[in-house]
C-alpha cells in the first residue's frame, strides 16, 4: 500500500507542476513521533491526512492546491 501511495503522490506533484519535497518514512518510531497512528498517511509540516487505504490522486492534488 505504501509503495502505491508513494507513486500517487509523485504523480500528483508532477501533474500540478509544483516543486515539493516528498519524503517516505518507513521507520515506525519516526512515524509515531510525527503523531501518525494510521498508515499509509500523507502529511505536510502542519497536518496529516490519514487513511487505511491508498488516497486517490485527485484528493492529494486538492490538498496540495490548498498549500500553494
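The values are calculated or read from the model by the stated rules, or taken from the named source; none is laboratory data. Since this is a predicted model, take the numbers as computed values, not measurements. Positions of Cβ are backbone-derived with ideal geometry, glycine not excepted, and every protein chain shown enters the neighbour counts.
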Sole exception among (1) within 17 Å of residue 62 (Cβ to Cβ); (2) exposed (fewer than 10 other Cβ atoms within 10 Å of the Cβ) for residue 29, by number
(1)
Cβ-Cβ below 9 Å, separation at least six or inter-chain, first residue in region 3-19 and on the phi < 0 side of the Ramachandran plot and without any contact (Cβ under 8 Å) to a residue 12 or more places away in the chain, second surrounded by 12 or more Cβ atoms within 10 Å (Cβ to Cβ) and in a helix (DSSP H, G or I): which pairs?
19/13
Can you list residue pairs whose Cβ atoms sit under 8 Å apart, with the first residue in region 55-67 being under 13 Å from residue 44 (Cα atoms) and the second being at pLDDT 90 or above and not in a helix (DSSP H, G or I)? Count only pairs 6 or more apart in sequence or on different chains.
64/18
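Per-residue answers, yes or no, for (1) in contact with a helix residue (DSSP H, G or I) (Cβ under 6 Å, 6 or more places away or on another chain); (2) surrounded by 10 or more Cβ atoms within 10 Å (Cβ to Cβ); (3) in a loop (DSSP other than H, G, I, E, B); (4) at pLDDT 90 or above:
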position: 11; (1), (2), (3), (4): yes, yes, no, yes
position: 15; (1), (2), (3), (4): no, yes, no, yes
position: 20; (1), (2), (3), (4): yes, yes, yes, no
position: 24; (1), (2), (3), (4): yes, yes, yes, no
position: 37; (1), (2), (3), (4): no, yes, yes, no
position: 54; (1), (2), (3), (4): yes, yes, yes, no
position: 63; (1), (2), (3), (4): no, yes, no, no
Could we say that residue 32 is touching a strand residue (DSSP E or B) at 6+ places or on another chain (Cβ under 9 Å), at pLDDT 85 or above and part of a helix (DSSP H, G or I) here?
no
